[in-house]
Amino acid sequence: MKSDPDGMLHQALNTEDFPMPDYQNEFTSGARGFLGRVTDQEHWRQVLSDSGVDRFALSGPAYLGSTMLFRAGDPEAARKLWSTILEPAFPGPVEPPASRVPGTRCGEGTADSLHDKKRYRCAIVYRRHVATVDSDQLADVYQRAAAQYALMANSTW
């Protein structure tokens, strides 16, 4: 069985120096695999169902700022997922990147929700795909968002 049959990891930003396949930090799955990683499963089950998400990829460990990539049913469903993916963990509005990366919105986590995640998260939408990138520094999360957009826009997968 192929570990990445749809090439999702080729489209996900990896911030590790020497990335290696890892069932905890570097993998692809269906929506069910994502649900096994979150605590608010009812919320996310509804969000993924409404967006027709059929594939998910995780790239990188959380302590480095991981990238999540979702493949929605169609571009309209991806836009719907993109508009809700920052809630409820990153509700604080943040100015969009100065570089004006298309299809990017960012949020800041609340103090009580940051014990196991980075301070900032940006969500990027491109066609059927929605990605999130995380960092504790605003300039860094903007750079990651630009890099993630470039990966999705220039991917041949």
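Would a scan of the range 64-71 turn up a residue that is touching a strand residue (DSSP E or B) at 6+ places or on another chain (Cβ under 8 Å) and hydroxyl-bearing (Ser, Thr, Tyr)? Within the range 64-71, one or more residues are touching a strand residue (DSSP E or B) at 6+ places or on another chain (Cβ under 8 Å) and hydroxyl-bearing (Ser, Thr, Tyr). Hey, can you tell me all the residues within the range 5-38 that are buried (at least 19 other Cβ atoms within 10 Å of the Cβ) and β-branched (Val, Ile, Thr)? Within the range 5-38, just 28 meets the criteria.
Listed by first and then second residue, the pairs linking a residue in the range 140-157 that is surrounded by 15 or more Cβ atoms within 10 Å (Cβ to Cβ) to a residue that is among the charged types (D, E, K, R), with Cβ atoms under 8 Å apart and 6 or more places separating them unless they lie on different chains, are 141/118; 141/121; 141/134; 144/134; 152/127. Of the candidates 133, 125, 101, the single residue that is β-branched (Val, Ile, Thr), part of a strand (DSSP E or B) and touching a Phe, Trp or Tyr at 6+ places or on another chain (Cβ under 8 Å) is 125.
Might you check whether a residue that is among the small types (Gly, Ala, Ser), surrounded by 14 or more Cβ atoms within 10 Å (Cβ to Cβ), closer than 17 Å to residue 151 by Cβ and in contact with a strand residue (DSSP E or B) (Cβ under 8 Å, 6 or more places away or on another chain) occurs anywhere in the range 76-87? Checked against the condition, which is being among the small types (Gly, Ala, Ser), surrounded by 14 or more Cβ atoms within 10 Å (Cβ to Cβ), closer than 17 Å to residue 151 by Cβ and in contact with a strand residue (DSSP E or B) (Cβ under 8 Å, 6 or more places away or on another chain), the range 76-87 yields at least one hit. Taking residue 112 as the residue in question, decide whether it is out of contact with any Phe, Trp or Tyr (no Cβ under 8 Å at 6 or more places or on another chain) and either at pLDDT below 95 or surrounded by fewer than 20 Cβ atoms within 10 Å (Cβ to Cβ) (or both). So residue 112 passes the test.
Please go through the range 52-67 and give me each residue that is part of a helix (DSSP H, G or I) and touching a residue at least 40 places away in the same chain (Cβ under 8 Å), ordered by number. Listed by number, the residues that qualify are 62, 64.
The values are calculated or read from the model by the stated rules, or taken from the named source; none is laboratory data. Values in this document were obtained by computation on a predicted structure and should not be read as measured data. For neighbour counting, all protein chains shown are included, and Cβ atoms are generated from backbone atoms with ideal geometry for every residue, glycine included.
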